[in-house]
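Take a look at the structure below.
The values are calculated or read from the model by the stated rules, or taken from the named source; none is laboratory data. Keep in mind the model is a prediction, meaning the values are calculated, not measured. Heads up, the Cβs are rebuilt from the backbone with ideal geometry, glycines too, and the neighbour counts pull from every protein chain shown. Just the protein is used for accessible areas: all its heavy atoms, side chains included, with ligands, DNA and RNA removed. Shrake-Rupley method; radii C 1.70, N 1.55, O 1.52, S 1.80 Å.
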Amino acid sequence: GAGVSQSPSNKVTEKGKDVELRCDPISGHTALYWYRQSLGQGLEFLIYFQGNSAPDKSGLPSDRFSAERTGGSVSTLTIQRTQQEDSAVYLCASSLGRGGQGENPETQYFGPGTRLLVL
Amino acid sequence: AQSVTQLDSQVPVFEEAPVELRCNYSSSVSVYLFWYVQYPNQGLQLLLKYLSGSTLVKGINGFEAEFNKSQTSFHLRKPSVHISDTAEYFCAVSRHSGYSTLTFGKGTMLLVSP
């Protein structure tokens with residue numbers, strides 16, 4: 001079946017502008033994760049959604065970052081007033097989540113990422 | 001909290017040679033263990049995972065890894081590499097209990113040359 005998809009694949013923006021990154025998880029996956037991959041920092045967890053539960057936002061680096069997940073499916077990561085240090089690859093992953101059957105519920109499947117460059 | 005250490009940032013190797021990519025982890029609770037591969041300009045692809053049972057885990061593309069609880073290691077091996085194995089490899093852990101995000105190592109770049 002279709003994997004995790006992300007859009008856009010690349011985004012170039014000017015410092016101070018807002019950006020929105022989109023993630024479509026695998027159908028039927030109730031858990032959705034955002035990670036950031038940047039030089040020197042490796043892969044960092046940003047935020048986690050599980051079903052209708054309140055998201056775990058503990059990895060968001062500042063209040064300029066926010067995310068929502070509509071209808072338990074598509075998620076949007078928004079970065080306001082972008083800074084040059086926000087330049088990174090933003091990766092989305094999904095998993096079956098709690099209550100998943102027939103698979104380790106914690107195995108995460110990743111999308112191709114969105115490459116963000118802030119000039 | 002968990003942490004993952006990948007001891008080598010880069011591993012150069014000749015084609016058809018064996019390779020081992022090292023991974024050590026630290027955790028106060030039981031964990032699941034994963035290896036992901038990232039080809040240039042692509043996302044992460046699950047290579048293999050250890051959940052329970054046999055400590056030797058076989059994955060895709062001829063890779064395998066062995067879980068060693070006493071040494072808290074999960075080293076990745078391949079007996080004979082190909083040029084196409086050139087990629088970055090990430091070791092990751094997640095907790096058993098409840099939900100858990102992945103904690104990644106810094107990655108190891110495998111460079112296979114002819």
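Summary table
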| quantity | calculated |
| --- | --- |
| Accessible area in the full protein assembly, largest first, 1.4 Å probe, for A:L39, B:L44, A:L117 | A:L39, A:L117, B:L44 |
| Where only alpha carbons of the stretch B:4-60 are counted, the Rg and the Dmax (Å) | 13.3, 39 |
| Of B:F104, B:F67, B:F14, the one that fluctuates the most in a GNM where chain B has Cα springs shorter than 10 Å | B:F14 |
| Relative pair counts by distance (%), Cα atoms of the protein assembly as shown, 5 Å bins | 1, 7, 14, 18, 18, 17, 13, 8, 4, 1, 0 |
| Average silhouette area of chain A, convex hull of alpha-carbon atoms, in square nanometres | 7.1 nm² |
| Chain lengthening between B:N41 and B:E64 when straightened (0.36 nm per residue, less Cα-Cα) | 5.9 nm |
| Equivalent ellipsoid, the stretch B:3-113 (semi-axes from 5 times Cα gyration tensor eigenvalues, Å) | 23, 14, 12 |
| The stretch A:41-55-the stretch B:1-66 distance, computed between alpha-carbon centres (Å) | 22 Å |
| Average beta carbon contacts from partner chains per residue of B:37-46, 10 Å cutoff | 5 |
| Of B:K49/B:K106; A:K17/B:K106; A:K11/A:K57, those spanning more than 21 Å from alpha-carbon to alpha-carbon | A:K17/B:K106; A:K11/A:K57 |
